[in-house]
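In what follows, a structure is listed as structure tokens, so that the remarks can point back to it.
Nothing in this text is a laboratory measurement; each read-out follows from the coordinates by a stated rule. All of these numbers come straight from a predicted model, not from anything done at the bench. Glycine also receives a Cβ, built like all others from the backbone with ideal geometry; neighbour counts cover every protein chain displayed.
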Amino acid sequence: MPGTRSGPIRDWSVAGGVVLRGEQLLLVRNRRRNDSVEWSTPGGVVDPGETVLEALGREVLEETGLQVHRWQGPLYEITVDFTDLRWRLRVETHRAVDWQGEIVLEDPDGIVDHADFYDPQDCEVHLDASPRWVREPLMEWCRSRPDRPLSFRYQVAGTEIHDLTVTRR
């Protein structure tokens with residue numbers, strides 16, 4: 001099949017952080033290499049040798065300047081299988097329950113170009129252009145705030161970012 005790759009699956013883990021100030025949620029704006037923009041909670045790839053919470057603390061500090069002292073969770077977990085690309089993304093999202101600081105943008109990766117706290121309805125507007133596997137889990141958690149961790153699984157077909165078919169399983 002054209003565009004399909006063979007070989008081992010590229011498997012990587014990402015940590016996401018829900019940081020609340022009252023009812024407002026911290027979102028970061030990520031500017032990608034192709035100049036597209038998507039919004040998410042702060043977080044990023046778990047490096048070799050790091051735990052999810054170590055990575056999460058590092059990423060939140062790098063992307064926003066906020067120091068988190070204690071996490072609760074996971075709130076939800078996401079698995080995304082990119083069938084044609086042979087990638088598997090696993091995301092574990094936790095909530096900051098003890099944090100301090102002011103937002104300072106000094107992302108060493110140069111991806112985060114804005115961060116702020118938003119009311120829930122504004123979050124929904126910002127997240128509208130974000131991938132379904134980012135938007136849906138976060139908004140479902142925000143609406144229901146369940147006592148148990150949520151689990152989400154998506155399958156993505158296609159190899160071009162503008163032509164992906166995303167199915168929730």
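Values computed for the structure shown
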quantity: Angle between the chain longest axis and helix 52-64 axis [Cα atoms, degrees, rounded to 10]; calculated: 70 degrees
quantity: Beta bridge orientation in the chain: antiparallel %, DSSP, nearest 5; calculated: 65 percent
quantity: Where the Cα pairs of the chain fall when distances are cut into 10 Å bins, in %; calculated: 10, 38, 38, 12, 2, 0
quantity: In sequence order, calculated HN-Hα J values of the stretch 121-134 (Karplus, 6.51, -1.76, 1.60; Hz; x Gly/Pro); calculated: 5, 6, 4, 4, 5, 4, 6, 4, 8, 7, x, 3, 6, 8
quantity: Tail weight of P(r) past 12 Å, computed on alpha-carbon pairs of the stretch 10-68, percent; calculated: 68 percent
quantity: Footprinting exposure proxy for Ser144, Ser130, Ser40 (fewest neighbouring C-beta atoms within 10 Å first); calculated: Ser144, Ser130, Ser40
quantity: At most 14 other Cβ within 10 Å, DSSP loop - GluC sites (Glu not before Pro), the stretch 98-169; calculated: Glu102, Glu106, Glu160
quantity: In the stretch 1-75, GluC sites (Glu not before Pro) in a DSSP loop with at most 16 other beta-carbon atoms within 10 Å; calculated: Glu23, Glu50
quantity: Calculated [θ] (222 nm, deg cm²/dmol) that DSSP helices of n ≥ 4 give over the chain, each run adding -39,500 (n - 2.57); calculated: -6000 deg cm²/dmol
quantity: Dipole of the stretch 1-147, positive direction: furthest Cα of Cys123, Val14, Trp39, with charges on the beta-carbon; calculated: Val14
quantity: Two-site label geometry, Arg168 and Arg132: point separation in nm, points 7 Å out along Cα→Cβ; calculated: 0.9 nm
quantity: Under the Karplus curve 6.51 cos²θ - 1.76 cosθ + 1.60, θ = phi - 60°, whole-Hz ³J(HN,Hα) for the stretch 81-90, x wherever Gly or Pro sits; calculated: 9, 8, 4, 6, 8, 6, 10, 9, 10, 10
quantity: Estimated dipole of the stretch 1-135 in Debye, rounded to 20 [Cβ of Lys and Arg +1, of Asp and Glu -1, Cα centre]; calculated: 560 debye
quantity: Inter-centroid distance (Cα atoms) of the stretch 93-169 relative to the stretch 7-45, Å; calculated: 6 Å
quantity: Whole-number percent relative contact order across the stretch 1-133, with pairs defined as alpha carbons under 8 Å at least 6 apart; calculated: 34 percent
quantity: Modelled FRET efficiency - R0 35 Å, Val104 with Glu23, Cβ distances, 0.05 increments; calculated: 0.90
quantity: Cleavage-rule hits (trypsin sites (Lys or Arg not before Pro)) in the stretch 63-164: DSSP loop, at most 16 neighbouring Cβ within 10 angstrom; calculated: Arg86
quantity: Sequence of His162, His126 once ranked by neighbouring C-beta atoms within 10 Å, starting from the fewest; calculated: His162, His126
